[in-house]
Each structure stands twice: as C-alpha cells, then as structure tokens.
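Working notes, beginning with the structure itself.
The values are calculated or read from the model by the stated rules, or taken from the named source; none is laboratory data. These numbers were taken from a predicted model, which means no experiment stands behind them. Quick reminder, even Gly has a Cβ in these numbers, built from the backbone with ideal geometry, and neighbours come from all protein chains shown. Side chains are part of the model used for accessible areas, which takes the heavy atoms of the whole protein and leaves out ligands, DNA and RNA. Shrake-Rupley method; radii C 1.70, N 1.55, O 1.52, S 1.80 Å.
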Amino acid sequence: MTRFPTLLRAALLAAAALAAAPFAAMAQPAAGDWPSKPIKLIVPYPPGGGTDVIARIVQERFQAQLGQPVLIDNRGGAAGSIGTDLAAKAAPDGYTVLFTLSSHTINPSIYAKLPFDTAKDFEPVAMVASLPQILVANNSFAPNTVAELVAAAKAKPGSISFASVGNGSPGHLAGELLKLRTGTQMTHIPYRGGGPAVTDVMGGQVPLLWVSIPAAAQFVKAGKLKALAVSTKKRSAAFPDVPTMQEAGIADFEVDSWYAMFVPTKTPKAAIDKLNKVVNTVITEADIKDKLLAQGSEGVGGTPESLGKVVDVELVRWAKLAKEASIKVD
C-alpha cells in the first residue's frame, strides 16, 4: 500500500516537468531568434574620433540588416582600455559588441598591465575596414622619397625627427619599424592628436609625420604636405600614386590601422556568424564603400577566423617590436 502513492507522486512530478519544458524553452530564445532586443556597440574612444566615425558609417545599415536598434556607446579613456574592459566583462549573449581599432593588438605589448586579456577575453567577429598610415613631410624637407630619407638618416644619425599622434599609436610603431628595418636612428616626437601634429609638420617644427590618412589627406591634396609612402601592403585607393613602404624598398613592412568587431568569449556562435554575415554584406554596398573611402579606408570583411589570425600574428609582432624598440607606456 505504501508503494502506490510513491509511484503516483513520481508520475505527477514527471508530468509537471514535461508540462514546464515548453515554457523553459520559451525563456531561452532559439539561436535563430537572435537578436530580439537592441545591441550595444561599445566604441572605446571618444565621439568624433576615427573609430567612432567608421562605426557610425556602418551603424544604420547594421540596424537595417539585424532588425534591431544598434546603439553606439562611446567609452573613451586609457587608450581604449576602459571601453574594452567594459566589453570584456559584458554578458556573452551577443548583445554587447566591441568596435575597436588595431590598438587592440598593440596595447598588450606597451602597457604594463591591462584589466583584460586581449587573446582570451574576446572572440573575433569580422574586420570592417583597413586604414593605412601615411608618411608625410614638410615641403621644405629635402628627401622626396623613402630611399632619400633613409640615406639622410644614415648620413646624420639622430638628426631627423618624426611625429605621431602618441606613444604606442600605429604611427609610432610605423616609425620604429622603419628605424629597425633600415638600421637608422630617428627621434620620435609624440603628440596628443593628429591635428596638432599636422600643424607642426606644416610649420616646420618637425619634418616628418606618420598619421592616419584622414588627418593629412586634405593637406596633401592641397600641396601643403608631401606624401612619401603608406604603411600597408597595398596602395591606398585614396592615394593611388603614393607607394607602399615595401615598394619603396623596405622589406617586411606593414602597419595596418584596421577597425574590427569583437564579442566577449563564450558568445553563441549563431550570434557571431550572423554579425559576420552582416559586416560582409554592409561593406559591399556602394554608398558605404564611398563613405569609407572618403575617410581613406576600405572595407575588408572576411571570416572570424581570418580576423583571429590577424590578432594572433600582431600580438606577437608588436610584442617583439615593443621589446626591440623599448616602447613602454606607464
């Protein structure tokens, strides 16, 4: 007599569990239902900067493709580390996305301590755009080519200075890489932004500047600065007549100021794949291509795996360069 109530109770519990199962499934949306609410795009730099501009160029199209609002959240400070840390610690549900630039792979090598692990705390989504650094010079600076610059630097070691937008910036690394590849000595002059640096180079206070194309484009086109080379493997569509450093005779030279999207580790693959598909679709649209080109950049796209390879390669490359050139930021 005592066994029957026990069996009945077990049967009732099993039935209740089966009845609750559909509701539990409803509480966790299927992978195909993502996104079902707004997506936060964390830009770890202030409004109006290059990263913010590129993010806003694609923002509207992302919204149209995903069917949900895509909200840009600017969290500038500490060379991008504040916003990046916020993204790293966000819930890995696909609703927080980091939109950042190539300093993502530079900072781990030049800062003694970061509150996140670039390699372990993020999953790559897609590279959005590539933006070369451009080497420009004051018009009165005698060298007109990279070869002439190298010859002048070797003739008088330490006599030539180059500016960048700050310690650890892609421009700074480009200048240090040039020194290492050519065995020359040049002095780095860090500035706090492209505007002041461009002004001083035009004024003759510093003869050379490595900077992103948008900061110098109008002055090169107006004949107020001369362009010697770009830092990427291929020429820039914005300046097709300006040679690459490799074309100028500097082997194994590449510094790419790219913009890309990452999500916190353990984000569902379905969300990553959908975001990747959207990036690859949006960057092929004619008006988006034109807007990117107006900023001196070009759409890239590709798979999460291809972006992951870039990150892996650059973390090693910049660590080696930072050690050889003694680049450190407190």
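A few points about this structure:
- Tally of residues being within 18 Å of GLY193 (Cα to Cα) and either open to solvent by 30 Å² or more (accessible area, probe 1.4 Å) or touching a strand residue (DSSP E or B) at 6+ places or on another chain (Cβ under 6 Å) (or both) across the stretch 81-104: 2
- In the stretch 172-197, residue most open to solvent (accessible area, probe 1.4 Å) [restricted to those that are in a helix (DSSP H, G or I) and free of Cβ contacts under 8 Å to residues at least 60 places away in the same chain]: PRO196
- Residue identified as in a strand (DSSP E or B) and open to solvent by 60 Å² or more (accessible area, probe 1.4 Å) among VAL316, VAL263, VAL300: VAL300
- Whichever residue in the stretch 249-308 is β-branched (Val, Ile, Thr) and in contact with a Pro (Cβ under 9 Å, 6 or more places away or on another chain) and, among such residues, is nearest to PHE99 (Cα to Cα): VAL263
- Just so you know, in the stretch 268-293 the residues that are in contact (Cβ under 8 Å) with a residue 40 or more places away in the chain and among the small types (Gly, Ala, Ser) include one that is farthest from PRO35 (Cα to Cα), and it is ALA270.
- Single residue of THR284, THR232 found to be surrounded by 14 or more Cβ atoms within 10 Å (Cβ to Cβ), of a type in the set (Val, Ile, Thr) and part of a loop (DSSP other than H, G, I, E, B): THR232
- Set PRO143, PRO115: member being surrounded by fewer than 16 Cβ atoms within 10 Å (Cβ to Cβ) and either under 28 Å from VAL316 (Cα atoms) or touching a Leu at 6+ places or on another chain (Cβ under 9 Å) (or both): PRO115
- VAL206 vs. criteria assigned to a loop (DSSP other than H, G, I, E, B), over 21 Å from LEU307 (Cα atoms), at pLDDT 95 or above and among the aliphatic types (A, V, I, L, M): yes
- All positions within the stretch 240-258 that are of a type in the set (S, T, N, Q) and open to solvent by less than 70 Å² (accessible area, probe 1.4 Å): THR244, SER257
- Identity of the residue in the stretch 37-55, modelled with pLDDT of 95 or more and open to solvent by 10 Å² or more (accessible area, probe 1.4 Å), that ends up nearest to the chain's Cα centre (by Cα): LYS40
- Residues of the stretch 246-266 classified as under 21 Å from the mean Cα position of the chain (by Cα) and not charged (D, E, K, R), total: 11
- In the stretch 61-79, the residues that are open to solvent by 60 Å² or more (accessible area, probe 1.4 Å) reach residues that are small (Gly, Ala, Ser) and outside any loop (DSSP other than H, G, I, E, B) with C-beta atoms within less than 8 angstrom, at least six apart or across chains, in these pairs: ARG75/GLY83.
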